[in-house]
1. Let me confirm something: among Ala462, Ala470, Ala483, Ala431, which residue is in a strand (DSSP E or B), out of contact with any Lys or Arg (no Cβ under 7 Å at 6 or more places or on another chain), of a type in the set (Gly, Ala, Ser) and open to solvent by less than 40 Å² (accessible area, probe 1.4 Å)?
2. Just for the stretch 515-554: of the residues that are touching a Ser or Thr at 6+ places or on another chain (Cβ under 9 Å), without any contact (Cβ under 8 Å) to a residue 60 or more places away in the chain and part of a loop (DSSP other than H, G, I, E, B), which one is least open to solvent (accessible area, probe 1.4 Å)?
3. All but one of (1) open to solvent by less than 50 Å² (accessible area, probe 1.4 Å); (2) modelled with pLDDT under 80; (3) farther than 30 Å from Asp395 by Cα hold for Ala74, so report the exception by its number.
4. Condition first: open to solvent by 50 Å² or more (accessible area, probe 1.4 Å) and modelled with pLDDT of 90 or more. Can you find one or more residues in the stretch 330-340 that meet it?
5. Tell me the residue from Arg90, Arg115, Arg176 that is without any contact (Cβ under 8 Å) to a residue 40 or more places away in the chain and outside any helix (DSSP H, G or I), please.
6. Do we have any residue at all in the stretch 496-503 that's in contact with a Pro (Cβ under 6 Å, 6 or more places away or on another chain), part of a loop (DSSP other than H, G, I, E, B) and crowded, with 20+ Cβ neighbours inside 10 Å?
7. Can you find, within the stretch 448-459, the residue that is farthest from Ala303 (Cα to Cα) among those that are open to solvent by 40 Å² or more (accessible area, probe 1.4 Å), touching a residue at least 40 places away in the same chain (Cβ under 8 Å) and assigned to a loop (DSSP other than H, G, I, E, B)?
8. Inside the stretch 564-587, can you point out the residues that are of a type in the set (Lys, Arg) and either open to solvent by 10 Å² or more (accessible area, probe 1.4 Å) or more than 27 Å from His65 (Cβ to Cβ) (or both)?
Amino acid sequence: MSGSEDRDLGMHRNITRRDFVNGVGVAIGGSLVAPAWSSAREGTSDASQAQEYYPPALTGMRGSHAGSFEVAHALRDGNSWTDVADTGERYDMVVVGGGLSGLSAAYFFLTSAGRGARVLVLDNHDDFGGHAKRNEMTYRGRTLMLNGGTSYLESVRQFSTVAGTLLAAIGIDVERGIATSVAGMGFYRSLGLRNATFFAKEVFGEDRLVKGRGARAGTGSRGWADWLAQTPLSPDARRDIARLYDDGANPDYMPGLSDVDKKERLARISYRDFLLDLARVHPDVIPFFDDRPKGSFCVGIDAYPALYGWAQGYPGFQGMNLEPLPRVGPLSQIGGGQHGRESEWNHGDDLYLPDGNATVARLLVRAMIPDALPGTSLDDSITSRLAYDRIDRADSDARIRLNSTAVSVRHLGDPDVAREVEITYVRGGKAERVRADHCVMACYNGVIPHLVSEMSDEQSAALMYGVKMANVYTNVLIRNWTAFANLGISGASAPGMYHTGVRLGRSVQFGAYQPSTSPDDAMILHMSRSPCAPGRPKKEQHRIGRADLLATTFETFERNIRDQLGRTLQGGGFDPARDIEAITVNRWPHGYAYSYDTLNDPIEWALFAPDDRPCVIGRRRFGRISIANSDAAASTHTDSAIDEAHRAAREQLVARSRARRRASESDLLPSR
């Protein structure tokens, strides 16, 4: 791109940009100034002890940020640390990984082990929460927030008893939360703003924003054919898309087969192949649908089972006379559902918080370290500033140690009878060790074999089977959102573009938090990206996507963001050089947990969750080490992370109880 085009986009503007040069985080000034600690002390062993330390306010490259992954990559590549300082610290439990599963495991253990129990949580990032991160952005004295990862509590009424009870225990009233978030999420509709689709010239031949969405003919609103006539799609594509949505125009593409046989065949072909080979649509149709599964599966329709498409309401199956899934039964979880919800007949209500599930992480920290987050309720937690200098104090029963990457976890002695586990981590470039009676590995399960070398080959292979899905949550602060109001839209999907679309940030109000409600006010826009490699097996696509994210500079992200917003909102008066104030790119090379699907894994693993799945073999208790994380359930859902934490903590509590009983019985034996 030429220098003049860059200038038109605003690449010259002095907004806050944080990128990394030779592996070192760099802050460049701007309207949102990074805290002093970030440039002077970030990555040092005592950075998080500074009173001004506050990661949620950082912009630029976040998520898997510079400094969070280099040690782990060095470990993977064979590096070792022999000069290890013994801190002399001893804990009842050490948790490796400070995401929602790790924090939950710490909470479950701490609240069950009895008074005086001590827990340490280690995390490689500069903030806790794992993918449940908060992004705060300030413009002219007003601070707005949005999720930087895990977005919402999905079908929250259908969570397990364990997960639902935990939410209540830390202060989340689910019914009140649903009512509040539902009201907020309807705000843009109350203004008459609708969704739209932006057709990009590099995909469809010309740039065109088309408002609304098609509807089936005869529903009282204009049909798909009328809507499609406004798009730059080819006549063949418009004809075939309209046909796919016409209930009477789709025959049975598998005549003569039973319902079970049809579903099994659909499980074995992609939705792309269903469209091309069975529905026989024109190839120009494929780009229109290709991005649809990326929000949940991080792949396009070439790696998305047709059976999932049917279960999730994609068009083209109307004439196949497939029997609805039973209201209660294993198949009702098809298409990614992992927490027992019967999603195909009653999806259930979702709970949206201003910062996504970062609030859950913050409330877990408050429950264990009360003075780290002032207040006593969900409402006051939203706007309370968390004191990071209070989360790792020697006098606290619970400690959270950030910027600390575990490199070794080993039993002191035979794992079957050992009484202690030694955990070595690297912080500020120096290796340190602590000891614990018990350990929960709540980190990415695929890295555990590199940390726990004593494990069997079978368990190690099982832990490394899944490949996390790579994704990006991008948040953009703009001066105002008049362009959206002028266009009459609240967001626009963008098939085939760098980001799959853009939408206005959520307008939910909890407590004193005031979202942006006037188009003249500042707004955080949300964009997402799932880099993949169409045509390759799913796991290979995830690996390629991971490499893509780690190799992409912030400058490349910024240029694509500015270009896409400028083109999408051009008709509303948006100027990317003038209106963008800050950008936060939350990149997650190891994003969602790997979930089994019917194209790449044994069909039973995806549909019926048997015990021979790698996640079950991999999560087996290993002496005084248990394994949590949503990876252990092969699920992307928050309640799975909580449930796996509960199981792991329970395993170690049982081991603790038995060890204490044996010790007590030994004391009662007569001396010789």
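The values are calculated or read from the model by the stated rules, or taken from the named source; none is laboratory data. Bear in mind the structure is a predicted one, so any value in this text is a computation, not a measurement. Quick reminder, even Gly has a Cβ in these numbers, built from the backbone with ideal geometry, and neighbours come from all protein chains shown. Heads up: the accessible areas ignore ligands, DNA and RNA and are worked out on the full protein's heavy atoms, side chains in. Shrake-Rupley method; radii C 1.70, N 1.55, O 1.52, S 1.80 Å.
1. Details: Ala462 fails: in a strand (DSSP E or B); Ala470 fails: out of contact with any Lys or Arg (no Cβ under 7 Å at 6 or more places or on another chain); Ala483 fails: in a strand (DSSP E or B).
Result: Ala431 is the single residue among Ala462, Ala470, Ala483, Ala431 that is in a strand (DSSP E or B), out of contact with any Lys or Arg (no Cβ under 7 Å at 6 or more places or on another chain), of a type in the set (Gly, Ala, Ser) and open to solvent by less than 40 Å² (accessible area, probe 1.4 Å).
2. The selected residue is Pro519.
3. Ala74 satisfies every listed condition except (2).
4. No: the stretch 330-340 contains no residue that is open to solvent by 50 Å² or more (accessible area, probe 1.4 Å) and modelled with pLDDT of 90 or more.
5. Values: Arg90 fails: without any contact (Cβ under 8 Å) to a residue 40 or more places away in the chain; Arg176 fails: outside any helix (DSSP H, G or I).
The conditions single out Arg115.
6. Taking the stretch 496-503 and keeping what is in contact with a Pro (Cβ under 6 Å, 6 or more places away or on another chain), we get 496.
Among the residues that remain, those that are also part of a loop (DSSP other than H, G, I, E, B) are: 496.
Filter once more, keeping what is crowded, with 20+ Cβ neighbours inside 10 Å: none.
No.
7. Step one: list which residues in the stretch 448-459 are open to solvent by 40 Å² or more (accessible area, probe 1.4 Å), which gives 450, 453-454, 456-458.
Filter again for touching a residue at least 40 places away in the same chain (Cβ under 8 Å), leaving 450, 453-454, 458.
Keeping just the survivors that are assigned to a loop (DSSP other than H, G, I, E, B) gives 453-454.
Values: Ser453: 34, Glu454: 36 Å.
Taking the candidates together, the pick is Glu454.
8. Residues of the stretch 564-587 of a type in the set (Lys, Arg): 567, 578, 587.
If the condition is that a residue be of a type in the set (Lys, Arg) and either open to solvent by 10 Å² or more (accessible area, probe 1.4 Å) or more than 27 Å from His65 (Cβ to Cβ) (or both), then Arg567, Arg578 are the ones that fit.
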